[in-house]
Structure formats: C-alpha cells, structure tokens
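Below you'll find the structure, written out as structure tokens, and then a few comments.
The values are calculated or read from the model by the stated rules, or taken from the named source; none is laboratory data. This is a predicted model, so every value here is computed, not measured. Neighbour counts are summed over all protein chains in view; Cβ atoms, including those assigned to glycine, are modelled from backbone coordinates with ideal geometry.
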Amino acid sequence: MKPDKQLTTREQIIRCLEAEPMTARDLSKALRISEKDVYSHLPSVEKSIRHLGKHIKTIPCHCLSCGFEFKDRKSFKKPGKCPECKQSRIEAAVFEIVGD
C-alpha cells in the first residue's frame, strides 16, 4: 500500500493494517518510516480504534531456534532474546486490525 501524504502516520498505519496483516518491518517499508517509529505509534493506534469497536490482533513473536511463542507479551516491540534457549533469532509479530 502506498503512503497517502494527506493522512497522518497513524491514519496510514490504520489503513495498512485494515487492508492486510503486516509486521512492523512491512509497515516501515510501506510508509517509509523507521521500525522504531512504527512500534511507538502502535499503542496510540490501538487507543484510537478502540472507540470504533476494533482492536489490533497480534500473531505473536516466536523463537526460530526452539519454537517458544511470546503469547502473553503485552508490548508490541520485538523481544531481544528467547527466555527458553537464550537465542536472539526471533520472528517478528504480525499485526492486523479487526472488529471486536
């Protein structure tokens, strides 16, 4: 999805996530912003869409080495390393906006 210059960054993130599931890296490339910026916007995006009866559905990160799934993680950010095997080969979470 191409960025629309007349929308705010958060509105562009909402449009992208309503259209298809994406990782922070996918959003970063689509909107031409850093991944760090994407992660900083996601909590605000979630608050913005809550009154519309929507939420951000997250397919959690998982370890590529041992398969550990970070399903209880509250933060949107990718973890640094796996608590089970201590490896840092972590597959990024996938985000999507869905109705409640």
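Here is the figure for segment 3-54: residues that are of a type in the set (Ser, Thr, Tyr) and more than 19 Å from Ser75 (Cβ to Cβ) total 2. Taking the criterion of being more than 20 Å from Glu46 (Cα to Cα) and either buried (at least 16 other Cβ atoms within 10 Å of the Cβ) or aromatic (Phe, Trp, Tyr) (or both), the residues of segment 62-88 that qualify are His62, Cys63, Phe68, Cys82.
Picking from residues in segment 1-60 that are of a type in the set (Val, Ile, Thr) and under 17 Å from Val98 (Cβ atoms), the one that is nearest to the chain's Cα centre (by Cα) is Thr23. Considering the conditions (1) free of Cβ contacts under 8 Å to residues at least 40 places away in the same chain; (2) out of contact with any Ser or Thr (no Cβ under 6 Å at 6 or more places or on another chain), Gln87 is excluded by exactly one of them, (2).
Residue count for segment 37-96 satisfying the condition of being closer than 23 Å to Glu11 by Cβ, assigned to a loop (DSSP other than H, G, I, E, B) and basic (Lys, Arg): 1.
Residue count for segment 1-36 under the criterion of being hydrophobic (A, V, I, L, M, F, W, C), in contact with a helix residue (DSSP H, G or I) (Cβ under 8 Å, 6 or more places away or on another chain) and assigned to a helix (DSSP H, G or I): the result is 8.
Restricting attention to segment 48-57, the residues being over 17 Å from Ala19 (Cβ atoms) and either touching a strand residue (DSSP E or B) at 6+ places or on another chain (Cβ under 8 Å) or at pLDDT 95 or above (or both) number 1. Scan segment 60-80 for residues that are free of Cβ contacts under 8 Å to residues at least 24 places away in the same chain, among the charged types (D, E, K, R) and in contact with a strand residue (DSSP E or B) (Cβ under 7 Å, 6 or more places away or on another chain) and jot them down. Selection gives Glu69 alone.
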